[in-house]
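We did not get these values from a lab; they are worked out from the coordinates using the rules stated. These numbers were taken from a predicted model, which means no experiment stands behind them. As a convention, Cβ positions derive from the backbone with ideal geometry for all residues, glycine included, and neighbour counts pool all protein chains shown.
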Amino acid sequence: MRNTRTFLIAAAVVASLALTACGNDSDSDSGSSSSHHDAASSSSASSSAAAHNDQDMTFAQGMVPHHQQALEMAKLAADRASSPKVKDLAARIEKAQDPEIQMMNGWMKSWNMGMGMSSPMPSMSAMAGMMSGKDMTELKNMSGKEFDSMFLTMMIEHHNGAIEMAKTEKATGSYAPAVSMAGDIISGQTAEITEMNKLLGKK
């Protein structure tokens, strides 16, 4: 009887130890799974942050001031243009390009570019299609049909410059949203150039 009782106690101890071991294994597996998940999330975030190249940064860095000048020109049309069609075009340019500026500023912030100065900022005059200070002053001093004509002529040149920059991004950029925006700029501004040429009486 005594031997039987000793045996049962020993068996109970062994069973308890086995259950404890199983519990530890489960905890270990759970911790391991959590660690793998954290590592995967970290890797995914790193990949997202690294999914851009120098061309993407150059594109955003140059296109933001390029768009800003287009907005400056477009805002002048509200009280200077005589043609309702020119005013409508200017309003559409503002509506399209302002959100793009905000988006590109967001990219540059996520890329730790600050105000877009991770590399030397290209000079305003070096960027395709940018107007000089003299051009902008002359436009500001015009009104009526003269304003309409100069605005359209300047904006066509400005759009052509943006399209040139966008084509470079589309060809060599690697950040998908930037490449997609470049495609939108090419298609949207090409259509606007056609519209502006018609307003100027050109084919």
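If I stretch the segment between D54 and S143 completely, what's the gain in nm (0.36 nm per residue apart, minus their alpha carbon distance), one decimal? Before the final figure, lay out each step's value.
Values: separation 89, 0.36 × 89 = 32.04 nm, distance 4.15 nm.
Gain on stretching D54 to S143: 27.9 nm.
Within straight cross-link reach of K87, meaning Cα distance under 24 Å, which lysines are found once same-chain residues fewer than 8 apart are removed?
Leaving aside lysines fewer than 8 places away in the same chain, those within reach of K87 are K75, K95, K134, K140, K145, K198, K202, K203.
Which order do peptides 54-65, 156-167 fall in by mean Cβ count within 10 Å, highest first?
Values: 54-65: 21.2, 156-167: 19.4.
By packing density, highest mean first, the sequence is 54-65, 156-167.
Give me the extension gain from S180 to K167: residue separation times 0.36 nm, minus the current Cα-Cα distance, reported in nm with one decimal. Mind dumping the intermediate values first?
Working: separation 13, 0.36 × 13 = 4.68 nm, distance 1.10 nm.
Here the answer is 3.6 nm.
Contact order normalised by length for region 53-199, with contacts defined as Cα pairs under 8 Å and 6 or more residues apart; what percent is it?
Numbers: 154 pairs, mean separation 45.0, N = 147.
Relative contact order comes out at 31 percent.
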